[in-house]
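Structure, as structure tokens:
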Amino acid sequence: MKEDLLHFVWLYRKYPVAGLKTTTGESIFVKTTGTHNRLSGPDFFNSKLELDGQLWAGNVEIHIKSSDWYAHNHQVDANYDNVILHVVWDDDVSVFRKDGSQIPTLALRHYIAQEVLATYQQLFDARNYKFINCEKEINQVDEFIRGNWLDRLFVERLEQKSIYIDELLKLTHNDWEHVLFLMLLKNFGSKINGELFLEIGKSIDFSIVRKLHGKPIEMESLFMGQAGFLNDMLEADEYHQNLKKEYSFLKHKYELRSLYGSPEFFKLRPFNFPTIRLSQLAMVYAANTNLFHVLIENNSSDLSEIFSLGTSEYWETHYTFGKTSKKTSKRLSKSFLDLIMINTIVPLKFCYKRYKGSLDNETLFKTMSFIKMEQNRIVENFRKLNIPISGAKESQGYLQLYNEYCTKDKCLHCAIGAHLMNIKV
């Protein structure tokens, strides 16, 4: 038995309407189940019950065992003073309020139908699925229900990312331009170098980046130097030497300290090499001031005009220092810009607009609808279930669904899982 099933049974009234009794014999008639609370405090707020004909209004708490009340220290928590009914699977101990009065208890094990238990057990039977619990039934769910749930999941995913953005805002003393700089660095580093690129960003006073506007060589030397590519022990070619001189001046002037670690090249395609990515971002910041406000006020999903500069000329014939390659223009690809939009620009817009009190989810939905879905294993597995995914909003919703619900067996907290349980029992 899991507590989420008891929540489901109470929320959707999967128990007899008549004949309910507390463990001490009082009759129970549920007038309203209350508002489901997924945060701290009682599980259901503002429930209304008749106990032996007397109307009670208050909160309902749900546990597997009655003794969980004491295991969770609810007896000393004022948030639980207004609990009018304790709903459990096993009643193993009596529970009392601070004033000594006993809290009525409903033991659901005597009232849940076997078909509810059987359906629930089938949902979690690992023999029935390879990817997610409901993979054989998910297409039975009405597209309208699935679409509304995906919209909620997309916003939920943005709210999770907001926690990280809030941490960066504290670090930068609420400097939104600086936060954008750090997030762009992290995303330009991708999964392999993202955290190290972020540390590179944190090692640079952002005022230096502002001062180097219009100076692409100095900007590139700053990024490369802080990444450890301009070490005194390394000598590659004339361009490398020029960058080293620029960085040496900046390092002395601004008392910079480079990181101990160096970015990784292993397992990366040449276009994703950290040297290329750092040069691309250096060109963007050398050419733009107030980049945050430019991007926030831009309602288009197309970033190509802002991020169209590519690298400095040297990197058109190089992937690493000192090793010449065939000349190639290394502009940011559309797929990479889409990832920047998904992982940096849209989350920042969401946070900033909410901070300003002008949040408009529909505009964000519209922006995301023009961005192609991500290409990854999770999204591809959902598509194999014949689920249409038309853009980034849907793919982000399914990523949230898989990571926060499917992998954690939180099926009854999911609108899809709850719907499947309801149509089967």
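Just so you know, all these numbers are worked out from the coordinates, no wet-lab data involved. Owing to the predicted nature of the structure, the values given are computational and were not obtained by experimental measurement. Cβ: placed from backbone, ideal geometry, glycine included. Neighbour counts: every protein chain shown.
Just to be sure, is GLY214 in contact with a helix residue (DSSP H, G or I) (Cβ under 8 Å, 6 or more places away or on another chain), of a type in the set (Gly, Ala, Ser) and surrounded by fewer than 22 Cβ atoms within 10 Å (Cβ to Cβ)?
yes
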Review point. Restricting attention to segment 390-398, does a residue exist that is without any contact (Cβ under 8 Å) to a residue 40 or more places away in the chain and basic (Lys, Arg)?
Key: no
Point to revise | Filtered residue count, segment 287-337, keeping only those that are under 16 Å from PHE188 (Cβ atoms) and of a type in the set (Lys, Arg) | key: 3
Point to revise | Which listed residue is farther than 30 Å from LYS356 by Cα, touching a strand residue (DSSP E or B) at 6+ places or on another chain (Cβ under 6 Å) and buried (at least 18 other Cβ atoms within 10 Å of the Cβ), from PHE321, PHE229, PHE273 | key: PHE273
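Go over the candidates LEU196, LEU212 one by one and state the one that is more than 18 Å from LEU250 (Cβ to Cβ) and among the aliphatic types (A, V, I, L, M).
After applying the criteria, what remains is LEU196.
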Review point. Can you tell which of ASP125, ASP175 is over 30 Å from THR24 (Cβ atoms), in contact (Cβ under 8 Å) with a residue 12 or more places away in the chain and charged (D, E, K, R)?
Key: ASP175
Review point. Among the residues of segment 406-414, is there at least one that is within 24 Å of ASP166 (Cβ to Cβ), hydrophobic (A, V, I, L, M, F, W, C) and either assigned to a helix (DSSP H, G or I) or under 13 Å from the mean Cα position of the chain (by Cα) (or both)?
Key: no
Review point. For segment 3-15, does any single residue satisfy the condition of being under 39 Å from the mean Cα position of the chain (by Cα), at negative phi and among the hydroxyl-bearing types (Ser, Thr, Tyr)?
Key: yes
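Can you find even one residue in segment 175-182 that is farther than 27 Å from SER335 by Cα and either of a type outside the set (A, V, I, L, M) or part of a loop (DSSP other than H, G, I, E, B) (or both)? Walk me through how you get there before you give the answer.
Going through segment 175-182, the residues farther than 27 Å from SER335 by Cα turn out to be 175.
Going one step further and asking which of them are either of a type outside the set (A, V, I, L, M) or part of a loop (DSSP other than H, G, I, E, B) (or both), we end up with 175.
Yes - at least one qualifying residue is present in segment 175-182.
With respect to THR22, determine if the residue is surrounded by 15 or more Cβ atoms within 10 Å (Cβ to Cβ) and not hydrophobic (A, V, I, L, M, F, W, C).
Yes, satisfied.
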Check your understanding: Say we look at segment 136-158 and pick out the residues that are free of Cβ contacts under 8 Å to residues at least 12 places away in the same chain and in a helix (DSSP H, G or I); which of these is nearest to ALA392 (Cα to Cα)?
Key -> GLY147
Check your understanding: How about segment 63-120: which of its residues are out of contact with any helix residue (DSSP H, G or I) (no Cβ under 7 Å at 6 or more places or on another chain), of a type in the set (Ser, Thr, Tyr) and not in a strand (DSSP E or B)?
Key -> SER66, SER67, TYR70, SER94, SER101, TYR111
Check your understanding: Does segment 125-135 include one or more residues that are under 18 Å from THR407 (Cβ atoms), of a type in the set (Lys, Arg) and not in a helix (DSSP H, G or I)?
Key -> yes
